[in-house]
1. Among (1) more than 15 Å from S76 (Cα to Cα); (2) assigned to a helix (DSSP H, G or I), where does V37 come up short?
2. Find the residue count for the range 18-38, including only residues that are open to solvent by 20 Å² or more (accessible area, probe 1.4 Å) and either among the small types (G, A, S) or in contact with a Gly (Cβ under 8 Å, 6 or more places away or on another chain) (or both).
3. Restricting to the range 63-77, give me the number of residues that are out of contact with any helix residue (DSSP H, G or I) (no Cβ under 7 Å at 6 or more places or on another chain) and free of Cβ contacts under 8 Å to residues at least 40 places away in the same chain.
4. Report, ordered by the first and then the second residue, all pairs with beta carbons closer than 8 Å, sequence separation of six or more or different chains, a first member in the range 40-58 that is more than 16 Å from K24 (Cβ to Cβ) and part of a helix (DSSP H, G or I), and a second member that is among the aliphatic types (A, V, I, L, M) and open to solvent by less than 60 Å² (accessible area, probe 1.4 Å).
5. Does L64 qualify as being within 9 Å of the chain's Cα centre (by Cα) and not in a loop (DSSP other than H, G, I, E, B)?
Amino acid sequence: MSEITDTLDALGLLCPLPVLKARKRLKSMPEGAVLRVLADDPAAIVDVPHFCAEAGHTLLSQDLDGAHQIYLIRKSC
């Protein structure tokens, strides 16, 4: 598993905030860094993978942990 560089707690935030906050956090991270995003918005299951594909970032994993999701995103250039 990739080493996590930073964690974004987006629990309680609704669409589009988890993706907007992830985009902002990734901008300040170096290329290759891994951001862990915690979200509980049902729309994030679609929004986060779509954001990664559109922005060129790599979605390393997408898991469920009880009532929330955990995403690992590797930043591209």
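1. So V37 meets the others, but not (2).
2. Matching residues across the range 18-38 total 2.
3. Let us first name the residues in the range 63-77 that are out of contact with any helix residue (DSSP H, G or I) (no Cβ under 7 Å at 6 or more places or on another chain), namely 63-68, 70, 72, 74, 76-77.
Imposing the further condition that a residue be free of Cβ contacts under 8 Å to residues at least 40 places away in the same chain reduces the set to 63-67, 70.
Counting residues in the range 63-77 that are out of contact with any helix residue (DSSP H, G or I) (no Cβ under 7 Å at 6 or more places or on another chain) and free of Cβ contacts under 8 Å to residues at least 40 places away in the same chain gives 6.
4. So the pair list comes out as P49/L59; A53/L59.
5. Values: within 9 Å of the chain's Cα centre (by Cα): no; not in a loop (DSSP other than H, G, I, E, B): yes.
Answer is no for this residue.
The values are calculated or read from the model by the stated rules, or taken from the named source; none is laboratory data. The shown structure was predicted, so the numbers you read here are calculated from the model rather than taken from an experiment. As a convention, Cβ positions derive from the backbone with ideal geometry for all residues, glycine included, and neighbour counts pool all protein chains shown. Just so you know, the surface numbers come from the protein's heavy atoms only, side chains and all, with ligands and any DNA or RNA stripped out. Shrake-Rupley method; radii C 1.70, N 1.55, O 1.52, S 1.80 Å.
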